[in-house]
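Below is one structure, written out as structure tokens; comments come after it.
Values quoted throughout were computed directly from the atomic coordinates according to the rules given, and no laboratory measurement underlies them. What you are looking at is a predicted structure, and each value in this text was computed from that prediction instead of being measured. Methodologically, a virtual Cβ is constructed for each residue, glycine included, from the backbone with ideal geometry; neighbour enumeration extends over all protein chains shown.
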Amino acid sequence: MKCLYPNAQFCFNEPVEKIKVYSTTWCPDCRAAKRVLQEKGLDFEEIDLEEHPEAVSVVVAARGKRVVPTLEYKGKYIDGNHFNPDKFQRDLADLLK
């Protein structure tokens, strides 16, 4: 079995088709990012890094550090750290291409 992120402990064998949001409960940027996704009617799966600490390795492997929120779609990643609505909208549009 080949893992997309060999250094990650929480491994996906294929890029995900559904948006995954790696987040925490205490993160205001995470809440803002999820609100935008909900307003756009985009289906997503939330992965709480406090409940699933093994998923931190995916974020670190993809982004080079632990940063929330991190969004994954089809093997591509963006983050909404220091949330800026305009930048997030542009990054999200690029992610979904």
Subject >> residue 95 paired with residue 38, simple spin-label distance in nm, labels 7 Å along Cα-to-beta-carbon >> reply: 1.6 nm
Original post:
Principal axis lengths of region 19-95 from Cα atoms, whole Å, largest first?
Top reply: 29, 23, 23
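Starting with the highest mean, order 55-67, 36-48 by the number of other Cβ atoms within 10 Å, averaged over the residues of each peptide. It would help to have the intermediate numbers written out before the result.
Values: 55-67: 17.1, 36-48: 13.2.
The peptides rank, most packed first, as 55-67, 36-48.
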**OP:** Could you tell me which of rounded, prolate or oblate describes region 57-97, using a ≥ b ≥ c as the square roots of the eigenvalues of the alpha-carbon gyration tensor, with rounded for a/c under 1.5 and, failing that, prolate when a/b is larger than b/c and oblate otherwise?
**Re:** oblate
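Defining a contact as two alpha carbons under 8 Å apart and six or more residues distant in sequence, what relative contact order in percent does region 19-95 show? Please report the intermediate quantities before stating the final value.
Numbers: 101 pairs, mean separation 27.5, N = 77.
Dividing the mean separation by the residue count of region 19-95 yields 36 percent.
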Subject >> Derived scalar couplings ³J(HN,Hα) [region 44-49; Karplus, 6.51 cos²θ - 1.76 cosθ + 1.60; whole Hz; x for Gly, Pro] >> reply: 8, 10, 8, 10, 7, 5
Subject >> Built amide H within the under 5 Å cut-off of residue 48, gap 5+ >> reply: 23
Original post:
What net charge do the residues around residue 81 carry, taking every other residue with its C-beta under 12 Å from that of residue 81, with Lys and Arg at +1 and Asp and Glu at -1?
Top reply: +1
